[in-house]
Amino acid sequence: MIHGIFDHTFQRYIDCGCIEYFEEQKEKGRIKHLGFSSHANVENFTTFVNLRKWDFCMIPLNPYDWVYGTAKQQYGILLEQKIPIISMGPVRGGTLSALSPRAEAILKETHPNWSISEWAVRWGKNFEGVMVVLSGMSTMEQIKDNVAVFGHDEGLSESDEALFFDACETYRNEVRVACTHCKYCIESDTCHAKINIPPILDIYNASKIDNPWALGAIHDVDSEGSPADCTSCGKCSSRCPQNIKIEDVMEELAEAMKRIPPRRS
């Protein structure tokens, strides 16, 4: 498996000759099945899919990425081309194992005996074309929970699916800042640190859902200043129609970025 096709790496895989090398190894019988995993956008994903006839592809396939990400489009592409699918991240790296209290209450009211993880795992267990669901487990309790769910054929009913989507929307609204990209915070040189605030707030939101590794995308933002350059003057927040405490977010990001390594070229 060519692992980890991202928007900033997919062309490198195409150009470096590794695909041709692996095809040679497959012809020699050293590789039986050749595939890849992807976190790229739909355009780059499609480019990679069309490079050859792949034996399998691994994509994130969970309720959250289905609604808010590109899982639905990518799944459709693979199904149309009859490429066997490995479903990774059924609970989205643990994100869908523990929602906000309000979001979890929505689910517990209907199925009090289900774990939060069970909702997401049930959702993804009966997809056409999926050869295996790959779930990372780190405790015996998680193993028993997943084994129990796959011990029967029952997935989610339509009403349960709608309820879970509602819970995801509640969770999403509670953990994100409501930036609308009005750009009032950066107009007329409001930010003397020259931080391109709106796209950085987008990455902040992604980090709340995608885990802290998403912060690495800050390195790609076209911004003269970084969160660490913020002086907490408050001018940006005073102009924000959504009342976002931008200086607090920048302080949080600056601290978090200390733990994120610089992106490799």
Would you calculate the separation in nanometres between label points at Arg176 and Glu80, each defined as 7 Å from the Cα along the Cα-to-beta-carbon direction? 2.6
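Suppose every Lys and Arg Cβ carries +1 and every Asp and Glu Cβ carries -1, with no other charges. What dipole size does the chain come out with about its Cα centre, to the nearest 20 debye? Present the calculation step by step, with values, prior to reporting the outcome.
Details: 27 positive and 37 negative charges, 113 e Å.
Computed charge dipole of the chain: roughly 540 debye.
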Find how many whole Å separate the alpha carbon centroid of region 14-67 from the alpha carbon centroid of region 172-213. 33
Okay, helix-only estimate at 222 nm for the chain: each DSSP H run of n ≥ 4 adds -39500 (n - 2.57), divide by all residues, round to 500 deg cm²/dmol; what do you get? -12500 deg cm²/dmol
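With a 10 Å radius around each residue's Cβ, average the other Cβ atoms per peptide and rank 50-62, 154-166, highest first.
Details: 50-62: 18.6, 154-166: 14.5.
Result, highest mean Cβ count within 10 Å first: 50-62, 154-166.
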Run the lone-cysteine check on the chain: no other Cys C-beta under 4.7 Å from the residue's C-beta. Cys16, Cys18, Cys57, Cys168, Cys179, Cys182, Cys191, Cys230, Cys233, Cys240
With each pseudo-label sitting 7 Å past Cα toward Cβ, what's the Glu169-Tyr21 distance in nm, one decimal? 4.8
Quick check: pseudo-label points 7 Å beyond the Cα along Cα→Cβ at Lys144 and Thr190, how many nm apart are they? 5.3
Projected onto their principal axes, the Cα atoms of region 187-257 stretch, largest extent first, over whole-Å spans of 31, 24, 18
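No value in this document is a laboratory result; all are computed from the given coordinates. Everything numeric in this text was worked out from a predicted model, so none of it was measured. Note that each Cβ is placed from the backbone with ideal geometry, even for glycine, and that neighbours are counted across all protein chains shown.
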